[in-house]
1. With the contact rule set at Cα under 8 Å and sequence spacing of 6 or more, what percent relative contact order holds for the stretch 93-143?
2. If contacts are Cα pairs under 8 angstrom and at least 6 residues apart, what is the relative contact order of the stretch 212-277 in percent?
3. Debye calculation, C-alpha points only, no solvent: report log10 I(q)/I(0) for the stretch 99-218 at q = 0.09, 0.12, 0.17, 0.21 Å⁻¹, in the same order as the q values.
4. For the stretch 249-262, take each phi angle, set θ = phi - 60°, evaluate the Karplus expression 6.51 cos²θ - 1.76 cosθ + 1.60, and give the result in whole Hz per residue in order, putting x for glycine and proline.
5. Could you rank the peptides 109-117, 144-152 by their average count of other C-beta atoms within 10 Å per residue, with the highest value first?
6. What accessible surface, in Å², does a 1.4 Å probe find on TRP132, ignoring ligands, DNA and RNA and rounding to the nearest 10?
7. Fully extended, how many nm does the chain gain between MET256 and GLN149 (0.36 nm per residue separation, minus their Cα-Cα distance)?
8. Relative contact order of the stretch 180-334, please, whole-number percent, based on alpha carbon pairs below 8 angstrom and at least 6 residues apart.
Amino acid sequence: MDRMPFSKLTTRREMLRATGALAGGALLAKLFPGSLLAGAARPLAYPQQAGAAPADPLAAMRAQMGATPLETVRLSDNLTMLSGPGGNVVVLSGPDGKVVVDTFVQTVWAKLKQSLDGMGNAPIRWLIDTHWHFDHTDNNSNFRAAGAQILAHENTRKRLSEPHDLLGMHFAPSPASALPTQTFTATHRMQANGENLVLGYIPPAHTDTDIYIQYPRANVIHLGDTFFNGMYPFIDAGTGGTINGMIAAANRSLGMVDGSTKIVPGHGPLADRAALTRYRDVLVTVRDRVQKEKSAGKTVEEVVAAKPTAEFDAAWGMGFMQPDVFVTIVYNTL
Ligand SMILES: [Zn+2]
């Protein structure tokens, strides 16, 4: 869809106003993956970790995400998915050097490096960022220091170079050492370790920086945060994300997979075509309901109060996005 006027973009203040009860740490607590919520909407517990000042929501988020166990899923003979402390990471390993997608948060760098070192002696050749968000790029500098080049969409470099305020967290412009060293605009291909990787730009969906990474030989695709498996997605309206863009991305992705494709979401467990289809269908149903009410002149408060997601909340509202916040974002990006 067309670029939204700035006045229509979702702001944290609008989200807070629409959801009433949410404030500060409670909002952050609602944003953590379901495994951290343990079924209760409780205030954010700040881990007693060096450098994690309780007054700094970004440090608290890093510490909390970093405390999530790192799990390993084998995707093929030389392709591995790591999940837990941030967005899902995929590692292609072999004699040409490791090609890694996304980075987890800073607080788990040592653990991530140890895990990568355990996948053979070849150097870390490339890091690919699926998009600009910190839970996917937070270790860019560490990857550079470890010898990797960083590949991303040109908008990721642009967004990382800007200051951002997102969900109560402040992001200063990234230092040069954390910026992509190579960027592309539409598609980029690379050969490594027997794979012919295809990287492709996804028109604005979760942000305006999203890409997919395809591994044709292994029949694996990483969709970044255009896909949250089994939970409502976060959509970053401040950097170009919209609900219609998310639906378009899901539909386009469905056209790129078959019944045996292993689909890596930005967050949530490894998925298949059926899971991606369910996700697309939930997004379409919620979008259609919210659009109908918005077109009839209802305010965002009225639409949130009508609970258009009620039938899905038990399953889809236990993850990253609290239902009222998700509905608010959908409304504000239509
Ligand atoms: Zn994201």
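The values are calculated or read from the model by the stated rules, or taken from the named source; none is laboratory data. This is a predicted model, so every value here is computed, not measured. Here Cβ is always computed from backbone atoms with ideal geometry, including for glycine, and neighbour counts include all displayed protein chains. What goes into the accessible areas is simple: the full protein's heavy atoms, side chains included, and nothing from ligands, DNA or RNA. Shrake-Rupley method; radii C 1.70, N 1.55, O 1.52, S 1.80 Å.
1. 52
2. Relative contact order, the stretch 212-277: 40 percent.
3. -0.24, -0.43, -0.86, -1.26
4. 3J(HN,Hα) across the stretch 249-262, in whole Hz: 5, 5, 5, 5, 5, 4, x, 9, 10, 10, x, 10, 5, 8.
5. The densest-packed peptide leads the list: 144-152, 109-117.
6. 10
7. Going from the current span to full extension adds 35.8 nm.
8. 22
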